[in-house]
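One structure below.
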Amino acid sequence: MKRLLALCSLSALALLQGQTLFAQDSSPPPAIPRASAVDSTVPGTSASTVLRTNSMSVLDDKKRLGSDDFVSFRVVEDRDGESQHLRVNDNGELEVPYVGLVPAAGKTCRELAYNIKSALEKEYYYHATVILAVDKVSEKSRGKVYVYGAVKGQGPQEIPTDETYTVSKAVIRAGGFGDFADKRKVKVTRKNGQAFVVDLKKVIEQGRSEDDVVLQPDDQIYVAQRLVNF
């Protein structure tokens, strides 16, 4: 009788332990932590941004695209709502669905989006809202600009691949203005002969960043000297 009771007790204990183990095993796994930020250097990571954006007016109009850049592309009016990942080829062109090859190098996302919009609306869409965003910036050289005149370090400068390079940045990289530099009349000359003057005094001292100019490959930046030192 005692042996029977002992066996029953052992069986009950084993059953109880089995229920405990089952309860532990059946508990839900810990939640996987979400990433706190998106790495914009990896192709495809701007897709969520493109999917959330329905206005072309908010597209980037500063950074200019170059060969081997990757972009996310979407037409808001498409029913599937999917974004596509496209690459700017070595000739500076983007192959866009329905449209074909479109010149992209040297254009901003906003400029290129409006060009694609016009092409799509000629044959395929009554109205097209084109959304473009940079996924990955190429590490290839974007070319050079040349800074001369009243700066502390004249000469050529590589255009950075990871930022929008402007006249003020080029002057700062050149060591800043010389003692008698005319900050109001910084001349930029393009390889096509186009020339204009930038007032960097307003840009730097008054925060008029909208008056700064985004540089293009082979731009010549000349900082003149003032005739009279005030």
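Can you tell me which of (1) within 27 Å of ARG184 (Cα to Cα); (2) buried (at least 17 other Cβ atoms within 10 Å of the Cβ); (3) modelled with pLDDT of 90 or more is the one GLY153 doesn't meet?
It is condition (2) that GLY153 fails.
Which of the residues spanning segment 102-120 are in contact with a Leu (Cβ under 7 Å, 6 or more places away or on another chain) and either part of a helix (DSSP H, G or I) or outside the structural domain of ASN91 (by TED's automatic domain parsing) (or both)?
The answer is CYS109, ARG110, LEU112, ALA113.
Can you tell me which residues in segment 215-227 are within 17 Å of LYS183 (Cβ to Cβ) and either among the hydrophobic types (A, V, I, L, M, F, W, C) or touching a helix residue (DSSP H, G or I) at 6+ places or on another chain (Cβ under 8 Å) (or both)?
If the condition is that a residue be within 17 Å of LYS183 (Cβ to Cβ) and either among the hydrophobic types (A, V, I, L, M, F, W, C) or touching a helix residue (DSSP H, G or I) at 6+ places or on another chain (Cβ under 8 Å) (or both), then ILE221, VAL223, ALA224, LEU227 are the ones that fit.
With the requirement that a residue be more than 28 Å from ASP179 (Cβ to Cβ) and β-branched (Val, Ile, Thr), what does segment 149-163 give you?
Residue satisfying the conditions is THR161 alone.
Among (1) surrounded by fewer than 20 Cβ atoms within 10 Å (Cβ to Cβ); (2) within 30 Å of LYS183 (Cβ to Cβ); (3) within 14 Å of the chain's Cα centre (by Cα), which single condition is TYR146 missing?
For TYR146, the exception is condition (3).
Determine which single condition ASP212 fails, assuming it passes every other condition in (1) under 30 Å from GLU95 (Cα atoms); (2) touching a helix residue (DSSP H, G or I) at 6+ places or on another chain (Cβ under 6 Å).
(1)
If you check every pair at least six apart or on different chains, which have Cβ atoms under 9 Å apart with a residue in segment 158-174 that is assigned by TED's automatic domain parsing to the domain that holds GLU210 and among the polar types (S, T, N, Q) first and a residue that is surrounded by fewer than 16 Cβ atoms within 10 Å (Cβ to Cβ) and assigned to a helix (DSSP H, G or I) second?
Within 9 Å, the pairs are THR166/SER209; SER168/SER209.
Can you tell me which residue within segment 62-88, out of those that are among the polar types (S, T, N, Q) and touching a Phe, Trp or Tyr at 6+ places or on another chain (Cβ under 9 Å), is nearest to VAL102 (Cα to Cα)?
The extreme case among them is GLN84.
Show the residue pairs meeting these rules: Cβ distance below 7 Å; 6+ apart or different chains; first residue within segment 121-148 and among the acidic types (Asp, Glu) and in a helix (DSSP H, G or I); second residue at pLDDT 90 or above and loosely packed, with under 13 Cβ neighbours inside 10 Å.
Final answer for the pair search is GLU121/HIS127.
The values are calculated or read from the model by the stated rules, or taken from the named source; none is laboratory data. Values in this document were obtained by computation on a predicted structure and should not be read as measured data. Backbone-built Cβ (ideal geometry, glycine too); neighbour counts: all protein chains shown.
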